[in-house]
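Q: Here you go, one structure.
The values are calculated or read from the model by the stated rules, or taken from the named source; none is laboratory data. Just so we're clear, the structure is a prediction, and the values are computed from it rather than from any experiment. Cβ coordinates were reconstructed from backbone atoms using ideal geometry, including for glycine residues, and neighbour counts include every protein chain displayed. We work out accessible area using only protein heavy atoms, side chains counted, and drop any ligands, DNA or RNA first. Shrake-Rupley method; radii C 1.70, N 1.55, O 1.52, S 1.80 Å.
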Amino acid sequence: SFFCLALCQSALAEQPWQLKKNEGGIKIYTREVKNSPIVEFKSVMTLDVPRDKVVALYENEARYPEWFYQCAGVRLLETKSDNEKIIYSVMHMPWPVSDRDSVYRRVKSVEPGGDVVFRLSALPDAYPKQPGKVRVTYLKIEWRFKALLDGRTEISFQQHSSSDGHIPSAIVNKLSINIPLKTFQKMK
């Protein structure tokens, strides 16, 4: 039974992160996800800006198209509380891939160490399907903003999602480096 427990735990263990890109102070990691052809990515960078200022930019949904790569539009659907919102987002995809849209719950928390964390999860049926858009059915995202002692902010953006519609996983996995890299470059 100990052997089974050890075997079961190792099967559930997450894969280690692998550094895929390190450019201009932005590090991008990916890792395999069990039972998914799509890799999970995590990008990390430090900005010379206080945490609360960066968090304020992140919480301003109307400004997402300015800095979030390929974001064509965002609409706040519902404010459930100060810390929970339901949001609709459209991502412009290059031809011949159809644009993607997603409906998600965004929950804000402040962790004991002071990190401000936003966790996003898909609510694919919470808003009517839109013509010409492929709805993302699975989304697991975490944005983390850590205040550093020198007044700067470390930001991490981690995502795993489904590749709904007809798009090869190889293309999605290539985007898992481009999207966070270009998003962080624009956020800077």
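Q: Can you name every residue in the range 14-68 that is of a type in the set (S, T, N, Q) and touching a residue at least 60 places away in the same chain (Cβ under 8 Å)?
A: Of everything in the range 14-68, those that are of a type in the set (S, T, N, Q) and touching a residue at least 60 places away in the same chain (Cβ under 8 Å) turn out to be Thr30, Ser36, Ser43, Thr46.
Q: Quick check, is Ala56 within 18 Å of the chain's Cα centre (by Cα) and either part of a strand (DSSP E or B) or closer than 17 Å to Trp143 by Cα (or both)?
A: In short, yes.
Q: Out of everything in the range 35-53 that is more than 16 Å from the chain's Cα centre (by Cα) and in a strand (DSSP E or B), what residue ends up being nearest to Asn22 (Cα to Cα)?
A: For the range 35-53, the residue satisfying everything is Thr46.
Q: Can you name every one of the strands (runs of 3 or more DSSP E) wholly within the range 66-164 that holds 2 or more residues which are open to solvent by 40 Å² or more (accessible area, probe 1.4 Å), of a type outside the set (Ser, Thr, Tyr) and under 15 Å from Val54 (Cα atoms)?
A: 99-110, 139-147
Q: Have a look at Val97, Val110 and point out the one that is β-branched (Val, Ile, Thr) and free of Cβ contacts under 8 Å to residues at least 12 places away in the same chain.
A: Val110
Q: How many residues are touching an Asp or Glu at 6+ places or on another chain (Cβ under 8 Å) and either exposed (fewer than 14 other Cβ atoms within 10 Å of the Cβ) or within 10 Å of Ile177 (Cβ to Cβ) (or both) when one looks only at the range 33-53?
A: Residues in the range 33-53 being touching an Asp or Glu at 6+ places or on another chain (Cβ under 8 Å) and either exposed (fewer than 14 other Cβ atoms within 10 Å of the Cβ) or within 10 Å of Ile177 (Cβ to Cβ) (or both): 1 in total.
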